[in-house]
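Read-outs throughout are calculated quantities, based only on the coordinates presented, and are distinct from any laboratory measurement. All figures in this text were calculated on a predicted structure; none of them were measured in a lab. In this analysis, Cβ positions are derived from the backbone assuming ideal geometry, glycine residues included, and neighbour counts consider all displayed protein chains.
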Number of protein chains: 2
Amino acid sequence: MYYIGVDIGGMSIKCGLVTQDGKIIGKKSASTPVGDYRLALELIAELCKKTAEVSDVNWTEIAGIGAGIPGTVHDGTVSFASNLNWYGVPFDRTLEQLTDKRVVSGNDANCALLAEWRFGNAKGSQNAGLITIGTGIGTAFIVEGKLLLGNMSAGTEGGHMIIKSGGRPCNCGLRGCWEAYASTTALLEATNREIELNPTGVIAAVAKERDMVDGKTLFFALRQCDSRARAILDDYLEDVAAGLINLVNLLRPEIVLIGGGVSNEEEYLIKPLERLVNEKVYGGEFNPFVSIKKASFGNAAGIIGAACLLM
Amino acid sequence: MYYIGVDIGGMSIKCGLVTQDGKIIGKKSASTPVGDYRLALELIAELCKKTAEVSDVNWTEIAGIGAGIPGTVHDGTVSFASNLNWYGVPFDRTLEQLTDKRVVSGNDANCALLAEWRFGNAKGSQNAGLITIGTGIGTAFIVEGKLLLGNMSAGTEGGHMIIKSGGRPCNCGLRGCWEAYASTTALLEATNREIELNPTGVIAAVAKERDMVDGKTLFFALRQCDSRARAILDDYLEDVAAGLINLVNLLRPEIVLIGGGVSNEEEYLIKPLERLVNEKVYGGEFNPFVSIKKASFGNAAGIIGAACLLM
């Protein structure tokens, strides 16, 4: 049997046909329709069928459809997904009616962790976390072999842990949230501030040469041994570590995976974070070591993980 | 059958005979011996037998001994308990040899939550937390009906969540930990600071009248509508709320109980915290309401909860 994984984002919907060992053998995608949720669900049903077609798999060989949604999903209903403007959407039931297949939906960050846990770098662990660093910060945890969901599955919004009470404003309305300091957005802001302050510095030169400022700009300057880039990275590492320390102190995973573009920076990001966290976590040497590694799947985690909801 | 619950602290060891419905029918206690752990375990074995005697219960009617330990306990071994100076102590096995009873040990904060969950204010909930505010802050959580332990049971050290990165130094060596702001110690420090700054103020007058400064001083001044006491409380509430918001965002309990002396301040502490947390938690009205209540058992939670380890 095969599974279809659907990764629903604010901009696009991606469908993939996934094998039982977590391989994607065919994909289809489309822009996320604006407006009534039924439009999106009709499009998803259509994409699923097309995905089976392009994968050369008969519709009868599909065991079911898993869907990862950027919001809170409980018992088949999307309680809220602000990027999609969905509130109380009966997702599973509606898509089941449209496709005649079993449907299971879940939070997208949780799906990505399921993919890592079943097929990727968190395989074999009983307590694992995935921190996705992007525009914001998404978090997901498995505790004793089970997704940590909490009451009404509303849990693990780790990006909104307060790490600097009274600090920078966050999109959520509070101040000092982890994602206001540790997201790629925050790193970009620090990079841009530096370019403004030092228009003749190395970072500004890198930006000019590449004709853009993005999450990689700082790391290009670091490879040129720029001391300003080093200072910005050190501040950023401390902020990322603060949230990781909190999560490790609370949940004590064996492994935490880091996802998102910056996770490619093994030497500048992943390794120093592993060192910082293990140095600072409560109980130090008397407590077990926490591995910090790059996530395995990048963008494919959404599709694979959605399919994992059915496995 | 009956159970013996042992609450082991840095200063004293308390034993209680506990019925199947969580009532304590007899108690014995002694000072915690300094030195080799075997001394403490021999004393505990003796206390257990005396506890049965004073309770008029035959030793054969004791189903087992549960012990709450201020440290990390995994699989019957105390990995570390710094207040006791215990590192790698084979607790369960040793006490079993000394008593010929089944022994189960666990972290003391977890025991207190077990008591609340089985017999107290958290009864019936699937996701519950207990925050004990004292010299430091202890935290314990039940997730989907199971204690949250983490790898090697080293989890839920919530008192050491960083809520003000770079802020006040904490005993653990880091800066900005929750307990450096939200413990009774922190509240006392704020009270003492105010007395020094305003020796003719209401708080100073309360301290003089009671001939002491303790966790209640501020609340006496609040009852006299002192605006300085109000300002200190508001700052304190915000700091306590910051950690609670983090915990709720991550773990989404249905209910969080507050233990420790300050939890008696229903109007000044518990109710405002419930309001603040529900106002500020991620997802606001779209997410389930979190109850914040006083813990039921006070000091007895340790004994009752230790017995719960066996139930």
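Taking Cβ atoms as reference points and 13 Å as the exclusive limit, the residues near A:Asn151 contribute a net charge of -3, counting Lys and Arg as +1 and Asp and Glu as -1. Once the gyration tensor of the Cα atoms in chain A is diagonalised, the equivalent ellipsoid follows with semi-axes of 35, 22, 19 Å, ordered largest first. Taking every alpha-carbon pair under 8 Å whose residues sit at least 6 apart, chain A reaches a relative contact order of 21 percent. Counting beta carbons within 10 Å around each of A:Leu39, A:Leu310, A:Leu95 and listing the fewest first gives the order A:Leu39, A:Leu310, A:Leu95. Shielding of peptide B:141-150 by partners, expressed as the average count of other chain Cβ atoms within 10 Å per residue Cβ, is 5. With neighbours defined as other Cβ atoms within 10 Å of a residue's Cβ, the residues A:Cys172, A:Cys15 order from fewest to most as A:Cys172, A:Cys15. Per-residue ellipticity at 222 nm for chain B, helices alone: DSSP H runs ≥ 4 residues times -39500 (n - 2.57), over residue total, nearest 500 deg cm²/dmol? My calculation for chain B gives -11500 deg cm²/dmol from helical runs alone. Relative contact order of the stretch A:197-311, taken over Cα pairs closer than 8 Å and 6 or more residues apart, is 23 percent.
For the stretch B:4-44, the relative contact order comes to 32 percent (Cα pairs under 8 Å, sequence separation of at least 6). The alpha carbon centroids of the stretch B:138-206 and the stretch A:210-273 are separated by 28 Å. Modelled spin labels at A:Asn192 and A:Gln97, positioned 7 Å past Cα toward Cβ, are 4.4 nm from each other.
Basic side chains Lys and Arg get +1 at the Cβ, acidic Asp and Glu get -1 at the Cβ, and with that the dipole of the protein assembly as shown about its Cα centre reaches some 160 debye.
Distances between equivalent label points of A:Ser82 across the copies, with each point positioned 7 Å along Cα→Cβ, amount to 3.8 nm, shortest listed first. Using r as the Cβ-Cβ distance of B:Met11 and B:Glu266, and R0 as 25 Å, what FRET efficiency do you calculate, to the nearest 0.05? The calculated FRET efficiency here is 0.30. Note on B:Arg230 and A:Val54: with the Förster distance fixed at 45 Å, the Cβ-Cβ geometry gives a FRET efficiency of about 0.10.
The residues A:Val206, A:Val6, when put in order of fewest to most other Cβ atoms within 10 Å, stand as A:Val206, A:Val6. Straight-line cross-link partners of A:Lys271 among the aspartates and glutamates, defined as a Cα under 14 Å from its Cα and at least 8 positions apart when in the same chain: A:Asp234, A:Glu238, A:Glu279. Taken as Cα centroids, the stretch B:19-71 and the stretch A:1-67 sit 60 Å apart, rounded to the nearest whole angstrom.
If Rh is defined by the Kirkwood formula over all Cα pairs and Rg also comes from Cα, what ratio Rg/Rh do you get for the protein assembly as shown? Value, to two decimals: 1.01. Among the listed pairs B:Lys208/B:Lys293; A:Lys216/A:Lys293; A:Lys101/A:Lys294; B:Lys101/B:Lys294, a Cα-Cα separation exceeding 30 Å is found for B:Lys208/B:Lys293; A:Lys101/A:Lys294; B:Lys101/B:Lys294. Considering the zone a paramagnetic label at A:Thr135 would reach in this model (a point 7 Å from Cα along the Cα-to-Cβ line), which residues of the stretch A:64-103 have amide N under 19 Å from it? The answer is A:68-73, A:80-87. Rounded to the nearest 20 debye, the dipole size of the stretch A:210-311 about its Cα centre is 180 debye, using +1 on the Cβ of Lys and Arg and -1 on the Cβ of Asp and Glu.
Taken about its Cα centre, the stretch A:36-171 carries a charge dipole of about 440 debye when Lys and Arg each add +1 at the Cβ and Asp and Glu each add -1 at the Cβ. Remark: mean inter-chain Cβ contacts per residue of A:276-284 equal 4, using a 10 Å Cβ-Cβ cutoff to other protein chain atoms.
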